[in-house]
Structures are given as structure tokens and as C-alpha cells.
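> Below is the structure I would like to discuss, written out as C-alpha cells.
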Amino acid sequence: NDDLTFGQSAELERMRAFLSEAGVPGTFFVVPIRSIGRIDQDADLVAGVRQAERDGHEFHQHGTRHATFECGIPELSMLAASDEARLKFEEERFEIEASHTLEAMTAMLAEGREVWRTAFGAPSRGFRPGWGSFCGNLYRAADALGFEWISARIVSMTSWRRNFGEWDAPMAFRNGVSPTPSRFPETAIFEI
């Protein structure tokens with residue numbers, strides 16, 4: 001479950017109740033900073049997360065601010081979700097690609113990681129970028145900061161196609177994209 005953030009303790013409680021009824025543990029990806037506030041400033045959300053963890057659910061960092069190009073380039077089909085994001089990529093691709101330096105990725109991850117640590121007392125073990133965006137330097141920075149894994153790749157676009165109104169889209173999985181979080185497989189590709 002992606003995109004939980006500041007001010008959404010009621011949404012967390014609703015999802016916990018649903019999962020409890022089904023007897024299913026949930027994995028939640030939480031955005032540390034949004035324009036309306038930081039998760040470490042939301043006592044109700046923090047308390048809800050702590051209770052949910054005691055109930056067997058797990059929580060991990062989801063980007064820092066969940067901006068479209070924050071962690072790299074999204075899956076290109078994801079840009080169909082936003083005309084604004086698609087147009088920005090079409091007009092500013094080179095600038096966007098150049099912004100993903102190791103220093104920038106490290107600073108972005110570290111900022112979100114510190115908010116997470118302040119809220120929950122320990123860093124997030126895993127990381128999932130917003131928009132399915134990633135780049136080689138994201139993996140390097142996450143490794144250097146001590147994240148255990150990243151869940152960046154989208155193994156199936158079926159749910160997204162259905163979000164776009166294609167209700168009859170068949171369930172389709174991408175060959176070569178693992179459905180499990182990874183321990184930075186792209187890092188080896190970018191070694192100098």
C-alpha cells in the first residue's frame with residue numbers, strides 16, 4: 001500500500017481493519033514529507049504505525065516527498081498518469097537526467113531517512129521510490145545510507161492500466177522484473 005503520509009491516520013486505520021478482517025498482514029510505504037507536514041509531526045499517524053507494527057504489518061520509506069522525478073526517471077508508461085509530468089519530461093529530459101547525481105540522491109534519501117528516524121526511532125529498512133522512478137545513483141546512495149533493499153521496479157502495469165480506466169486489462173507480468181524487493185542489482189551495471 002503506497003502513499004500513506006501526514007494526516008492520514010484514519011486511512012491507515014481503515015486499511016488495518018480491512019486487512020485484519022481478511023487475516024492478511026500489510027506492507028505500507030510511507031511518504032516522510034509532504035507540503036502539508038512531516039510524518040514526525042503527526043502523533044496519530046506515528047501511534048497508528050506503531051500499533052500496526054505490533055499487529056504484524058510492516059512499514060518502509062516511500063520516496064522523500066514523492067515527486068515525479070525525485071528518485072530518477074519513472075517507468076515511461078507511468079507518465080500517462082499526469083499530462084504535467086509527461087510534458088515536463090518531454091521538455092526537460094536532459095535537465096531531469098542531470099539532476100540525479102550521487103550527491104543529490106544521497107541528500108534526498110538522507111533527508112527522508114532522518115524524518116523517518118525521528119518519527120519511529122530507527123531507520124526504514126526498505127525503500128520504495130514514488131512513481132516507480134529510479135536511477136543508478138539512487139541505488140548507490142541507498143546502499144551507502146544503509147537501506148537493505150529497494151522496491152523500485154513495477155512487475156506488472158495491470159493495476160495502473162485499470163487506474164486509467166482499462167478495466168478489462170489482462171493480468172500481465174514483465175519477464176525479467178523480479179516481484180520481490182532487490183538488494184541493489186543495478187549497482188553493478190554502473191560501476192566505473
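> Looking at residue 132 and the list (1) on the phi > 0 side of the Ramachandran plot; (2) without any contact (Cβ under 8 Å) to a residue 24 or more places away in the chain, which single condition is not satisfied?
Single failed check for residue 132: (2).
> If residue 113 satisfies all but one of (1) among the charged types (D, E, K, R); (2) open to solvent by 20 Å² or more (accessible area, probe 1.4 Å); (3) outside any loop (DSSP other than H, G, I, E, B); (4) closer than 24 Å to residue 153 by Cβ, what's the number of the condition it fails?
Single failed check for residue 113: (2).
> Is it the case that residue 50 is basic (Lys, Arg), in contact with a helix residue (DSSP H, G or I) (Cβ under 9 Å, 6 or more places away or on another chain), open to solvent by 10 Å² or more (accessible area, probe 1.4 Å) and closer than 16 Å to residue 128 by Cβ?
Values: basic (Lys, Arg): yes; in contact with a helix residue (DSSP H, G or I) (Cβ under 9 Å, 6 or more places away or on another chain): yes; open to solvent by 10 Å² or more (accessible area, probe 1.4 Å): yes; closer than 16 Å to residue 128 by Cβ: no.
When the stated conditions are applied, residue 50 does not pass them.
> Right, something else. Please verify whether residue 70 is loosely packed, with under 15 Cβ neighbours inside 10 Å and either of a type outside the set (Phe, Trp, Tyr) or in contact with a helix residue (DSSP H, G or I) (Cβ under 9 Å, 6 or more places away or on another chain) (or both), treating the condition exactly as stated.
It is false that residue 70 is loosely packed, with under 15 Cβ neighbours inside 10 Å and either of a type outside the set (Phe, Trp, Tyr) or in contact with a helix residue (DSSP H, G or I) (Cβ under 9 Å, 6 or more places away or on another chain) (or both).
> Is it the case, given these coordinates, that residue 64 is among the polar types (S, T, N, Q), open to solvent by 10 Å² or more (accessible area, probe 1.4 Å) and under 30 Å from residue 13 (Cβ atoms)?
no
> If we keep just the residues of region 143-152 that are buried (at least 18 other Cβ atoms within 10 Å of the Cβ) and out of contact with any helix residue (DSSP H, G or I) (no Cβ under 6 Å at 6 or more places or on another chain), which is farthest from residue 70 (Cα to Cα)?
If we take residues in region 143-152 being buried (at least 18 other Cβ atoms within 10 Å of the Cβ) and out of contact with any helix residue (DSSP H, G or I) (no Cβ under 6 Å at 6 or more places or on another chain), then 147 is farthest from residue 70 (Cα to Cα).
> Failed condition for residue 64, given (1) in contact with a helix residue (DSSP H, G or I) (Cβ under 8 Å, 6 or more places away or on another chain); (2) polar (S, T, N, Q); (3) farther than 29 Å from residue 16 by Cα, with all others met?
Answer for residue 64: the failing condition is (3).
> Would you call residue 55 open to solvent by less than 50 Å² (accessible area, probe 1.4 Å) and of a type in the set (Asp, Glu)?
No; evaluated as a whole, the condition is false for this residue.
> Since residue 97 meets every condition but one in (1) within 21 Å of residue 40 (Cα to Cα); (2) surrounded by fewer than 18 Cβ atoms within 10 Å (Cβ to Cβ), which condition does it not meet?
Failed condition: (1).
The values are calculated or read from the model by the stated rules, or taken from the named source; none is laboratory data. As the structure is a prediction and not an experimental result, all values here were calculated from the model. Quick reminder, even Gly has a Cβ in these numbers, built from the backbone with ideal geometry, and neighbours come from all protein chains shown. The protein model used for the area step is the full one, side chains on, heavy atoms only, and it has no ligands, DNA or RNA in it. Shrake-Rupley method; radii C 1.70, N 1.55, O 1.52, S 1.80 Å.
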